[in-house]
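Written out below as structure tokens is the structure these notes cover.
The values are calculated or read from the model by the stated rules, or taken from the named source; none is laboratory data. For clarity, every value in this text was computed on a predicted model and none was experimentally measured. Positions of Cβ are backbone-derived with ideal geometry, glycine not excepted, and every protein chain shown enters the neighbour counts.
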Amino acid sequence: MKGSDNRLNDQLRYSFNSIISLFGKDLEKNIVTLITQSNGETPENVLQAVEAANIKCARDKENEPIHFMFNNRQSTQKTKKNTVALKSAWDITIEQIGRFTDFLKSNSPQKLEKTVEESKTHTRLTACIQNQEERIRFIDLKQTEIQQAMDGLKKHEQEMKKNKEFTVEVDEVYKDKDPIGGGQWGLFYVGAVCCTTCDENCHYPGCTVAWRPADCEVMKDDRCTVCPGKCHSSDHVKEEWKYVSKKKRVKMTLSDMKEKYELNEAGSESKFSCLETFQQKLEELQKEKDQLLQKSFEHVVELDQIALNIDSLSTPVRFDYLIEKMKKKDTEKFKKLEEIKSRLHEQTKVASRYGLVNS
């Protein structure tokens with residue numbers, strides 16, 4: 001920054017945050033402010049700008065951001081009038097370079113292996129959040145389907161008692177494959193890594209580097225960290241399609257429902273037995289959904305803990321759906337998610353001005 005700066009411009013701040021998002025919080029102690037065009041005095045305005053921008057960096061004993069000042073004026077022609085000023089600028093720069101060199105010697109560099117692993121962790125958690133949202137949405141549709149079937153049974157109570165045939169209309173939920181905009185782009189291959197055993201999208205969007213599932217970042221020890229079954233990489237494909245949840249209107253008889261939903265029949269109490277089974281299935285789905293919501297919340301918080309910024313330049317983390325669900329369930333967790341989202345929203349808003357956000 002320049003010694004005269006009193007704020008970080010939006011583009012600089014976003015670029016800084018996007019790069020730092022690839023590293024963990026341990027990097028803070030390695031981040032310092034370099035100030036050019038300095039007159040040697042404490043740059044109060046610059047330090048205030050760093051604080052206002054919430055830049056996480058190394059601090060001294062007074063808890064001020066560690067900074068180094070320079071004033072390189074070698075291109076300025078030396079005259080009798082400016083000799084003293086130029087000597088002062090030179091002395092400041094030499095002294096500060098010495099301090100900066102001592103700082104570099106005393107601080108351990110960030111290990112590349114650690115940085116790579118943190119980047120993979122970021123990708124895996126992001127993919128998990130995306131997948132869990134899709135699974136929650138599927139459960140919502142499934143619960144609606146079962147509720148429609150229950151309502152149909154109640155409506156045709158008399159027909160059931162008389163063993164008469166009747167039909168009920170429900171919105172049946174199923175998984176289908178939809179094409180995505182992908183393909184080879186130079187050294188990159190844009191596609192979706194999907195588990196054909198679980199019928200789940202394990203890495204989409206964001207999978208642009210790996211040419212085969214085994215090389216995808218969501219794989220660890222050759223097993224998927226995202227899909228419910230944690231399946232082997234060989235159970236996955238990378239293609240230019242993804243799984244989507246769809247529904248279709250179907251008519252079902254009582255026999256159809258018994259077969260599809262595995263309903264139990266108990267003589268004259270057939271209706272009540274079927275309804276109890278339906279209710280049990282709804283409760284099981286709700287329990288599964290609650291578990292997915294909790295896992296998603298934990299993943300978002302973990303991302304916030306391991307990274308300086310949860311946002312990534314290539315794959316923004318979106319969790320509005322999680323916030324919407326948590327608002328009805330847990331006030332404290334909802335507030336926590338809103339806090340993280342607010343921080344992200346400001347960063348994404350800045351990025352959009354420069355066309356740096358992928359949709």
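In region 58-69, which residues are out of contact with any Asp or Glu (no Cβ under 6 Å at 6 or more places or on another chain) and either among the polar types (S, T, N, Q) or in contact (Cβ under 8 Å) with a residue 12 or more places away in the chain (or both)?
Result: ALA58, ASN63, GLU64, PRO65, HIS67, PHE68, MET69.
Specify which of the listed residues (ALA85, ALA89) is small (Gly, Ala, Ser), in a helix (DSSP H, G or I) and at pLDDT below 80.
ALA85
When you scan region 20-76, how many residues do you find that are touching a strand residue (DSSP E or B) at 6+ places or on another chain (Cβ under 8 Å) and either of a type in the set (Phe, Trp, Tyr) or modelled with pLDDT under 80 (or both)? Lay out the reasoning, then the answer.
Kept after step one, since they are touching a strand residue (DSSP E or B) at 6+ places or on another chain (Cβ under 8 Å), are these residues of region 20-76: 32-38, 40, 43, 46-47, 50-51, 55, 57-59, 65-72.
Next, from what is left, pick out any that are either of a type in the set (Phe, Trp, Tyr) or modelled with pLDDT under 80 (or both): 68, 70, 72.
Number of matching residues: 3.
What residue, among those in region 215-229 that are assigned to a loop (DSSP other than H, G, I, E, B) and more than 20 Å from the chain's Cα centre (by Cα), is farthest from TYR189 (Cα to Cα)?
Restricting to residues being assigned to a loop (DSSP other than H, G, I, E, B) and more than 20 Å from the chain's Cα centre (by Cα), the top hit is GLY229.
Between VAL209, VAL237, which is over 27 Å from MET150 (Cβ atoms), in contact with a Cys (Cβ under 9 Å, 6 or more places away or on another chain) and without any contact (Cβ under 8 Å) to a residue 24 or more places away in the chain?
After ruling out the rest, the residue left standing is VAL209.
Which of the residues that make up region 314-359 are surrounded by fewer than 17 Cβ atoms within 10 Å (Cβ to Cβ), part of a loop (DSSP other than H, G, I, E, B) and at pLDDT below 80?
SER314, ARG318, TYR354, GLY355, LEU356, ASN358, SER359
Surrounded by fewer than 18 Cβ atoms within 10 Å (Cβ to Cβ), in a helix (DSSP H, G or I) and at pLDDT below 95, is that true of LYS154? Let's see the steps before the verdict.
On the way: surrounded by fewer than 18 Cβ atoms within 10 Å (Cβ to Cβ): yes; in a helix (DSSP H, G or I): yes; at pLDDT below 95: yes.
So LYS154 fits the description; yes.
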